[in-house]
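Peer 1: Below is one structure. I have some questions about it.
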Amino acid sequence: MLRVFFATDVHGSDVCWKKFIAAAKFYQAQVLILGGDMTGKAIIPIVHDGKGRYRVELMEQVTTLRSEDEVAAMEKTVSNKGYYPVRLEADQIAEFEQHPEEVETLFARCVLERVQSWMEYAESKLDGTGINLYVCPGNDDFFEVDDVVKSASAVTLAEDRVVPLDDNLSMISTGWANRTPWKTHREMDEDDLEKKLEAMAVQVSDFDACIFNMHCPAYNSGLDEAAELDENLRPKYAGHVLAPVGSKAVRAVIERHQPCLALFGHIHEARGMRRIGKTLCINPGSSYEQGTLFGARIDFDGTKIVSHTLTSG
């Protein structure tokens, strides 16, 4: 028996990463898989007023912090929501406004420092346990993240590889996606994405014993539905109209090879399970800003899936 725990799209949330690592013990899983989009989306300045107080705006709410304990508590709140708290003086804010390119440098440093801290946390919790952890950065993660993951002794970078999970099962992974309106770091045209996926697939000896860990869900799978956008990238009809936005390349490769399991992410609101032919497809969804870890637990007996369930905690 092999138990796999899968989660995805934690987007910088400290508490979700810690819950993900703790899930191995909680669910008694031998394998942890993180499906992509590890990193957060923004810096949250905590600005010193020069009089011992700080001002912060989070989720459109402005708060004044009057003590070190309050600042530390706010930093934890910001980090758990997936953002990067940075203490700044008022003159530093003015400097960043004049030189916005320096904001990108600061953001990159924050991102890499958090990923490094996550790798160290994983090592402290998993070292010597025999639990295997596989990470595949997603389309929102810039490429320097891969080097940080590679340096971790308790974590395996799974991107663009066939990796054995045990004596029976193997896995191929990619965090690349089809084109999005946001022009993120890992996107490509569908034809090129299909070639990339096939280059991994040809290395698989037994698809009945292979997991396809694809950050982008298969097109029109029911696991890729997101709010349809207008020409200004705003949700139509207050987000009540959904449209499939997944990858046709991912769907084609799954239909062609019929792996036993396909793991998706990318579309946070498309939580669920479906089948494409005989392939069980799972998107656990994401609720990282709320600090809730959505996941999926899958049990194998040899190469046969004997149990699968979505989790929340």
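The values are calculated or read from the model by the stated rules, or taken from the named source; none is laboratory data. Bear in mind that the values here come from a model prediction, so they are computed numbers and not experimental data. Glycine also receives a Cβ, built like all others from the backbone with ideal geometry; neighbour counts cover every protein chain displayed. The area values use the complete protein model at the heavy-atom level, side chains included, leaving out ligands, DNA and RNA. Shrake-Rupley method; radii C 1.70, N 1.55, O 1.52, S 1.80 Å.
Peer 1: Quick one: angle between helix 100-126 and the longest Cα principal axis of the chain, in degrees between 0 and 90, rounded to 10, please.
Peer 2: For 100-126 against the chain, the angle is about 60 degrees.
Peer 1: Expressed as an acute angle from 0 to 90° and rounded to the nearest 10, what is the orientation of the C-alpha long axis of helix 14-26 relative to the principal long axis of the chain?
Peer 2: Value to nearest ten degrees: 40.
Peer 1: Something else now. So what are the ³J(HN,Hα) numbers for the stretch 72-87, from phi and the Karplus equation (6.51, -1.76, 1.60; θ = phi - 60°), rounded to whole Hz, Gly and Pro as x?
Peer 2: So the Karplus estimates, Gly and Pro as x, are 4, 5, 5, 4, 5, 4, 4, 5, 5, 7, x, 9, 10, x, 9, 7 Hz.
Peer 1: Would you mind checking which residues have amide H under 5 Å from ILE276's amide H? H placed 1.01 Å from N; only 5 or more apart, or other chain.
Peer 2: Answer set, sorted by chain and number: CYS281.
Peer 1: Relative to the compact globular guide of 2.2 N^0.38 Å, what is the alpha carbon radius of gyration of the stretch 1-81, as a ratio?
Peer 2: For the stretch 1-81, the normalised Cα radius of gyration comes out at 1.47.
Peer 1: So for ARG87, ARG66, ARG186, what's the accessible-area order with a 1.4 Å probe, most first?
Peer 2: From most exposed to least exposed: ARG66, ARG87, ARG186.
Peer 1: List the residues, sorted by chain then number, that are 5 or more residues from GLY285 or on another chain and whose placed amide H is less than 5 Å from its amide H.
Peer 2: GLY272
Peer 1: Starting from the Cα-Cα distance between ASP191 and ILE305, subtract it from 0.36 nm times their residue separation and give me the gain in nm to one decimal.
Peer 2: 37.9 nm
Peer 1: Which whole-number value in Å³ per residue fits the convex hull of the alpha carbons of the stretch 1-154?
Peer 2: Dividing the Cα hull volume of the stretch 1-154 by its residue count gives 121 Å³.
Peer 1: Could you look at the stretch 116-189 and say what percent of its accessible area is carbon and sulfur, using a 1.4 Å probe and all protein chains?
Peer 2: Heavy-atom surface of the stretch 116-189 belonging to carbon and sulfur, 1.4 Å probe: 45 percent.
Peer 1: Based on Cα coordinates alone, diagonalise the gyration tensor for the chain, multiply each eigenvalue by 5, take square roots, and list the semi-axes in whole Å, largest first.
Peer 2: Its equivalent ellipsoid spans semi-axes of 35, 23, 17 Å.
Peer 1: Now, a different point. Excluding ALA108 itself, what net charge comes from residues whose Cβ is under 12 Å from its Cβ, given Lys and Arg +1 and Asp and Glu -1?
Peer 2: In short, -4.
Peer 1: With all protein chains present, how much of the accessible area of the stretch 229-307 (probe radius 1.4 Å) comes from carbon and sulfur, to the nearest whole percent?
Peer 2: On the stretch 229-307, the fraction of accessible area on carbon and sulfur atoms equals 46 percent.
Peer 1: Provide the FRET efficiency to the nearest 0.05 for the MET1-ALA90 pair, computing r from the beta carbons and using R0 = 45 Å.
Peer 2: Between MET1 and ALA90 the formula returns 0.15.
Peer 1: Please list the non-local residues whose amide H lies under 5 Å from the amide H of ILE46, H modeled 1.01 Å from N, same-chain partners needing a gap of 5 or more.
Peer 2: VAL86, ARG87, LEU88
Peer 1: While we're on this one: Have a look at the DSSP beta bridges in the chain and tell me what percent are antiparallel, nearest 5.
Peer 2: Bridges in the chain are about 55 percent antiparallel.
Peer 1: Can you work out ³J(HN,Hα) from phi for every residue in the stretch 128-142, in order, using Karplus 6.51 cos²θ - 1.76 cosθ + 1.60 and θ = phi - 60°, giving whole Hz and x for Gly and Pro?
Peer 2: x, 8, x, 7, 9, 10, 10, 10, 9, x, x, 5, 7, 9, 6
Peer 1: Students sometimes get this wrong: rank GLU269, GLU102 by accessible area, probe 1.4 Å, all chains present, largest first.
Peer 2: Greatest to least solvent exposure: GLU269, GLU102.
Peer 1: If you don't mind, there's one more thing I want to ask. List the relative contact order of the chain as a percent without decimals, with contacts defined as Cα pairs under 8 Å and 6+ residues apart.
Peer 2: Normalised by residue count, the contact order of the chain is 20 percent.
Peer 1: With every protein chain kept in the model, how would you rank LEU293, LEU112 by accessible area, 1.4 Å probe, largest at the top?
Peer 2: LEU112, LEU293
Peer 1: Under a 1.4 Å probe, what is the accessible area of the chain per residue, stated in Å²?
Peer 2: On a per-residue basis, the chain sits at 47 Å².
Peer 1: If you don't mind, another one. How high is the FRET efficiency between VAL241 and TRP182 when r is their beta carbon distance and R₀ equals 22 Å, given to the nearest 0.05?
Peer 2: 0.70
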